1. Which of Tyr211, Tyr201, Tyr108 moves the most in a Gaussian network model of the chain with Cα springs under 10 Å?
2. Here are some pairs, Lys214/Lys277; Lys54/Lys114; Lys114/Lys158; Lys41/Lys114; Lys41/Lys176; which of them have Cα atoms lying more than 20 Å apart in this structure?
3. Pick from Leu43, Leu190, Leu91 the residue whose mean-square fluctuation is largest in a GNM of the chain, springs joining Cα atoms under 10 Å.
4. For an R0 of 22 angstrom, estimate the FRET efficiency from the Cβ-Cβ distance between Glu59 and Arg175 and round to the nearest 0.05.
5. For Lys276, which lysines qualify as cross-link partners when the Cα separation must be under 24 Å and same-chain residues fewer than eight apart are set aside?
6. Considering the options Ser150, Gly129, Gln193, tell which one lies farthest towards the positive end of the dipole of the chain, charges being +1 on Lys and Arg and -1 on Asp and Glu at the Cβ, about the Cα centre.
7. The chain: percent of C-alpha pairs farther apart than 39 Å?
8. At a 1.4 Å probe radius, carbon and sulfur cover how many percent of the accessible area of region 239-329?
Amino acid sequence: MKWWRIVGWVCLLGCMISCQREPSARFKRIEAWKHADGQLKVLSTIGMIEDLVKQIGGEHVASLALIEGELDPHTYQLVKGDDALFCEADLIFYSGLGLEHGPSLHQYLQQSEKAFSVAEEIAQQNPEGIIWIHGQPDPHIWMDIELWASSIPFLTEKLCQKDPDHRQAFLVNARKLLHEMQGYHEEALLALQAIPSTERYLVTSHDAFHYFAKAYLANPEEQTSALWKHRATAPEGLAPESQLSSCDIRAVVDYLHAHKVSVVFPETNVNLDSLKKIMQVAKEEGLTVRLAEEPLYGDAMGEAGSSGDSYLKMMTHNVRTIQKELQIR
Ligand code: FE
């Protein structure tokens, strides 16, 4: 055998071995969490809860999200290995209000005595803050930073109950986070309310942005009536399913006409089919509608290193993207 062929085979073999040996970032996170020494192990279904837990818990808590990346929390079903995570966890937080409705996950969360719903706690404290869509509570509360921050005392109390030795540290971190989130909320409000009222209309892939529209796009007087509802629409309902009726398409195209909307926003974990259909019909009717350059983070945060790899980064990305795109005419 020629020498270069031998070198080629050796390189290929080396590459195969190193590829097999390189564990994924997700695997590493899970292993680090499982082997956390002296830390409270907290499992949260979504990153938007996991990140708050990480901020409040600091060095005393190992925080892990069950559903990561582009997986859909609405339909997530338990997979091999999830049982072990539930078993290892000292505490489990989930959104609730119908978000995690994949049957196997839903059933587990309902039965587990160590699982607590963040959104249902917010709903108990502040029932008027909850948005209802066609008779269902909207679970996408994280889209209103101030309302989402109202879960901090609840999360903190649960951590303190499980680990009373670090109560003081949790309370200090919680206060800092609450203050930081209030600052981001006010910045988002300032940035978006600076856009003329006639241009503050949002079309996204699915109904994840009602809280966002009510908090940041509506005029103040609209927030106390049902008028804020016309600030956002989407072809797909509270859970994206990509099966649109002609009525769904018609309703969004009518919205584009009525409010002179020229941009629609894709979301990182929802496919583009529904928005493409809408743009096609709009084009046939003489409307010029473009797709926003960057997708929004709706139901999921971004991968590590992305513009959405923390809750506040995700929201900042959404605010800046919407602010930029709504002002392009
Ligand atoms: Fe959603």
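1. Tyr108
2. Lys214/Lys277; Lys41/Lys176
3. Leu190
4. Working: r = 17 Å, r/R0 = 0.76.
Efficiency, from the Cβ-Cβ distance: 0.85.
5. Answer for Lys276, where 24 Å is the Cα cut-off: Lys229, Lys260, Lys324, listed by chain and number.
6. Gln193
7. Values: 11080 of 53956 pairs.
The answer is 21 percent, as a whole percent.
8. On the way: 2290 of 4410 Å².
About 52 percent, which is the carbon plus sulfur part of the accessible surface.
The values are calculated or read from the model by the stated rules, or taken from the named source; none is laboratory data. This structure is a prediction, so every number in the text was calculated from the model and none was measured. So basically every Cβ, Gly included, is an ideal-geometry build from the backbone, and we count neighbours across all protein chains shown. What goes into the accessible areas is simple: the full protein's heavy atoms, side chains included, and nothing from ligands, DNA or RNA. Shrake-Rupley method; radii C 1.70, N 1.55, O 1.52, S 1.80 Å.
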